[in-house]
Structure formats: structure tokens, C-alpha cells
Amino acid sequence: MTGYITKGVGGFYYVKTETGILECRARGIFRKRGITPVAGDNVRLNEEGTALEEILPRKNVFVRPPVANLDVLFIVASTVQPVPSTRILDELTAVAVYKGVQPVLVITKSDLAAADALVQAYAKSTIPVVLLHHDTGEGLEEIRGWIKGRLCAFCGNSGVGKSTLLNALAPDLDRQTGGISQKLGRGRHTTREVEIFEICGGRIADTPGFASLETQKLCRIPKEELQHAFPEFEPYFGQCRFTGCSHRTEKGCAVRQAVAEGAITQSRYDSYLAMYEEARQLKEWEH
Ligand SMILES: Nc1nc2c(ncn2[C@@H]2O[C@H](COP(=O)(O)OP(=O)(O)OP(=O)(O)O)[C@@H](O)[C@H]2O)c(=O)[nH]1
Ligand SMILES: [Mg+2]
Ligand SMILES: [Zn+2]
């Protein structure tokens, strides 16, 4: 019997099979091998349907949020409460691209503050941006289009409105949502675990949000690979004066030229430089 994990909590895994959702335990072998089953994993069960026997090969796996086999990662950002950080958003989009997953930026709370700056920051990135309108529901159809036939996940800071969005897409789910701490302007970590739902002809994972100022490592992208995680750099590869150009300080760099001309957005390029520096230091430190 096979199925996929919809949720893991307290040592139990909930597996959606042809006959419904079964509650299973993982065999000790996974722990011994250091493999953690996560939501989205395709699994084979024992005959009784009580234990995970095997995790089938993964297309991709994310540590944060812990989920596997994604087709689309919705990176949710609110205009305010909490205020967005392009650095964290760029890191999330880069990790998605690096893992072969389609990133889609979703902007919420455009009713509370102007979304222009955020929209502008990604206008030249080639990353699809969906602007949601809380009151009219504008943007929801576009999200539904992405979900259809795919396995998707929401990610983003606590309080940006991931569960609210899920409720707007599928009111029957009645997901718990939380207020914003007025003092801190942050979310309250309302969603506690990853859970996958079948809606809109596809599957979507609601996930716990990050803390506002957390700068945890989501994934280490090797510095040489980093340029490929910024899709708008692509047209300039091969045009730099030096082969193996890192697009930082080299003379005759076509990427830097594009930044100077405004064809690549400065904040995206700054994120590249910061991530490159981190990747470089990690390497040196590890050796
Ligand atoms: N005004 C306004 N409020 C919104 C919007 N989207 C979400 N909210 C509010 O923002 C608060 C947090 O929303 P949640 O959906 O719980 O946020 P979340 O991203 O699921 O947060 P975690 O589960 O903690 O990660 C709630 O009070 C929502 O009602 C929006 O577009 N406009
Ligand atoms: Mg939530
Ligand atoms: Zn260059």
C-alpha cells in the first residue's frame, strides 16, 4: 500500500491512501539512517497500514518548512504587520530555484499599506508575483491556477496571512488564524505544523511561519551555484569579461552593468552579494 504523508505530529504520520487517511508510525530504521519523513513524502506502508516501510525517491526536500516533492513554493509576504524583508524573500526564492521548484511571490495586506515597493522589487526578477486583494478576492483565481494539478506549499513569516489565504481558497478548511502582536508587529505562530490539504484540484501545504527577524540558514547554496538561483542574471552569463566571473568586483562584469542600468534590481543584487559572502565564509570556516 502506498500514499503520501499529509502531516507528522508527535511521532505519528498521517498518510493519505486510496482508502483514506491512516495513522502510522515510522520504523526505527529511518531514525538509524538519519532520515526524517516529512509531509509530501510518498511512502510505502506495511500490510496492516500501521507503519511506514519506505520513503519513495524524493524530487526535492525542504528543511524549513519541512516538506518534500514540491512543484510550487508560494512565498507569502505582507505589506506591513509584519514588514517584509527582501533579503529573506530573496533567500526563499533562491532556495526554491536551486531545488528546481517554481517560486511564486504572494503579497497580502495591500488593504493596509501600498504594495508598490514590493511589486517593484520583483518586477524584473522573472518570479511571478500575485497581488491579493483581501476585500475583493482579486488574485485568488491566479493562486487556484497554480495549485491545480500540483503539490504546493505556503511559506513566509508568522502573521503574513498564509492560513487566512487558505481559508479564502477553501472556506470549509476553517483554518485557525491569529492576530498580530500590536507591541511587536509580529505574528503569533498560530500554525504549529505542516499539513497538506487537497483543494482546487491540487494539494497545498499550510506551514508554520518564521519569526520576523530570524535569519536562519534555509539551505546552503554553494557560491558558484548562487548566480543560477537568480533567474534574471541568466541573460548576462557569458558576457562578463572574465570567465568564472563572480559578479562582485570584477571589471567588465555584465551583471553589474545591468544593475547600474536598472535592468536588474539593486535589492536583488544586494541579496546576491550578501548570500555569496555567507556562502564564502561558510566554506572557509568548514575547511
Ligand atoms: N487587513 C488584512 N489582514 C489580513 C490579511 N491577511 C491576513 N490578515 C490577518 O493577519 C493575521 C494573521 O493571519 P494568519 O493567516 O494567521 O497568518 P499566518 O501566516 O498563517 O501565521 P502563522 O500561522 O503564525 O505562520 C490575522 O489576523 C488575519 O486576519 C489581509 O490581506 N489584510
Ligand atoms: Mg497559519
Ligand atoms: Zn560578472
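The values are calculated or read from the model by the stated rules, or taken from the named source; none is laboratory data. In this text the structure is predicted, and so the values were computed from the model without any measurement. Heads up, the Cβs are rebuilt from the backbone with ideal geometry, glycines too, and the neighbour counts pull from every protein chain shown.
Are any residues in segment 171-182 surrounded by fewer than 17 Cβ atoms within 10 Å (Cβ to Cβ) and more than 8 Å from ligand 2 (Cβ to nearest atom), and if so, which ones? Pro171, Asp172, Leu173, Asp174, Gly179, Ser181, Gln182 - these are the residues of segment 171-182 that are surrounded by fewer than 17 Cβ atoms within 10 Å (Cβ to Cβ) and more than 8 Å from ligand 2 (Cβ to nearest atom). Filtered by the rule that a residue be over 19 Å from the mean Cα position of the chain (by Cα) and under 23 Å from Ile88 (Cβ atoms), segment 124-144 gives Lys124, His134.
Of all residues in segment 75-97, those being within 18 Å of Pro222 (Cα to Cα) and crowded, with 18+ Cβ neighbours inside 10 Å number 9. The test for being more than 15 Å from ligand 3 (Cβ to nearest atom), within 20 Å of the chain's Cα centre (by Cα) and surrounded by 14 or more Cβ atoms within 10 Å (Cβ to Cβ) does not hold for Arg192.
Can we say Ile107 is outside any loop (DSSP other than H, G, I, E, B), β-branched (Val, Ile, Thr) and surrounded by fewer than 16 Cβ atoms within 10 Å (Cβ to Cβ)? No. Taken residue by residue, segment 210-224 has no member that is under 28 Å from Val160 (Cα atoms), within 16 Å of ligand 3 (Cβ to nearest atom) and at pLDDT 90 or above. Among the residues of segment 254-281, those identified as hydrophobic (A, V, I, L, M, F, W, C), in contact (Cβ under 8 Å) with a residue 60 or more places away in the chain and part of a helix (DSSP H, G or I) are Ala274, Met275. Taking each residue of segment 172-184 that is closer than 17 Å to Thr207 by Cα and looking for partners that are among the aliphatic types (A, V, I, L, M) with beta-carbon atoms closer than 7 Å, six or more apart or interchain, yields Leu173/Leu166; Arg175/Leu166.
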